[in-house]
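Each reported figure results from applying straightforward, stated rules to the coordinates on display, with no laboratory input. Just so it is clear, the structure is predicted and the values come from calculations on it, not from any experiment. FYI the Cβ positions are ideal-geometry reconstructions off the backbone, even for glycines, and counts take in every protein chain you see.
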Amino acid sequence: MNVPQNHQTALLIHDIDLSLCTHLYYRYVAINSNASIDSVDAHADIEYGGLKKFNDLRKKKGSIQIILAVSFSFPATESVNNKLYTDQNLRQKLVNNLVKYVKKYGFNGIDLDLSYNPQHGGHPSSYKKKYVLLLKAIRERFHKERLTLSVAVDPNESTAEILYDIKEISRYVKFINLKTFEFHLNSDADKKVGVGHTSPMYHSPKENTEERKRNIDYVVRYWIRKGAPENKLILGTYFSGISYTLANPKQFGRGSPFTTEGQFGSMMTYFEFCDQIKKWKYFFDHEQKVPYKHKDNQVIAYDDDRSLEIKAKYVLDMQLGGAMVYSIDADDFPGKCGKKFALLKTLNRVLRKKC
């Protein structure tokens, strides 16, 4: 039976609107501690043919760049003595394996995820130099093969100070995807701060010194100050919301006390909740330039046309390289709450001056 478009529950590869993207990322494959590369979901990648179908999109739009997102498997990230970073031969083996994998399926390059937080089982501080050596080795080979190398990085200054030699990383990558989202969550640890937006544009004067670092503007300026070229920085946008159950239904703004996560959890996509909050009360935080909606003891923080337009204009004003989306299947792709790919079209309208 054919399912009507407005009842579609998952974005299919052939339904991606290629006119709205310059790069598409296939997420993802994992690097093991022995330098081998494994599919995270063999059924989707191989049996279903996801890797091939994704790269076949280039037949529809030859100019689009198809990038493979690559992450380290958990043994590779947790081992302090991991030889991937210290053994030159093993490092070269990894480079060779990456090239073989990318060329086998026809990708234009890789996006290496370096966003592991050392406070949660990630790399020790000594890995700062080792990251650079790894990127240098990949870049030298990729340049010969005309392949793209980019990285995805953690947005928090505390992580960057430990993991990243920003100036050196910038030398070897084409661009840097700043994961400027999930600054606030609804965990027990976040209860000290209260309700917060996942991706605030600016700080609030009411925040303390550390909290004022948890916003897009601070992160972008920090990376520039540390030596990253503006045109290599790609601003991360987030198409999922974060919800809270309020301690007091009359206090629903930023910093309000909450008891648990809300009915939409920590990462429900805009596609999943947009129709459910249509009648909720809307309010806009003019300090941080982000929206919330609330009803009774429930509140959800998310991005809409208004906040994304502000973020896109910020990209232009700061002369950044562009914006990336996490992720397009979180958008309202079937148009059940309005136009198809509404959020992505907002970014396009500003960044690419599309009507």
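Mean separation of Cα pairs under 8 Å and 6 or more residues apart, divided by the residue count, gives the chain a relative contact order of 13 percent.
Based on alpha carbons, the Rg and Dmax found for segment 256-355 are 14.4, 43 Å. Ellipsoid semi-axes for segment 168-252, based on the Cα gyration tensor and the rule √(5λ), read 30, 14, 10 Å when sorted largest first.
Taking only the Cα atoms of segment 24-75, the ratio Rg/Rh comes out at 1.04, with Rh defined as the Kirkwood radius. Bridge orientation summary for the chain: considering DSSP beta bridges with both residues in this region, about 40 percent are antiparallel.
Against the main long axis of the alpha-carbon atoms of the chain, helix 216-225 sits at an angle near 30°. Using just its DSSP H runs of length 4 or more, each adding -39500 (n - 2.57), the chain gives a mean residue ellipticity at 222 nm of -8000 deg cm²/dmol after division by all residues. In the chain, taking the dipole from charged Cβ atoms about the Cα centre, the farthest positive-side position among PRO200, ALA189, GLN319 is held by GLN319.
With a 10 Å Cβ neighbour count serving as the proxy for reagent exposure, in which order, fewest first, do HIS43, HIS197 appear?
Taking fewest neighbouring Cβ atoms as first place, the list is HIS43, HIS197.
Counted residue by residue at 0.36 nm each, then reduced by the alpha carbon distance between them, the extension gain from THR22 to SER39 reaches 3.7 nm. The modelled label-to-label distance between GLN88 and ASN32, using points 7 Å beyond Cα along the C-beta direction, is 2.6 nm. The largest-to-smallest principal axis extents of the Cα set in segment 250-314 are 35, 26, 21 Å. The distance between label points at MET318 and SER63 comes to 2.6 nm (points 7 Å beyond Cα on the Cα→Cβ vector).
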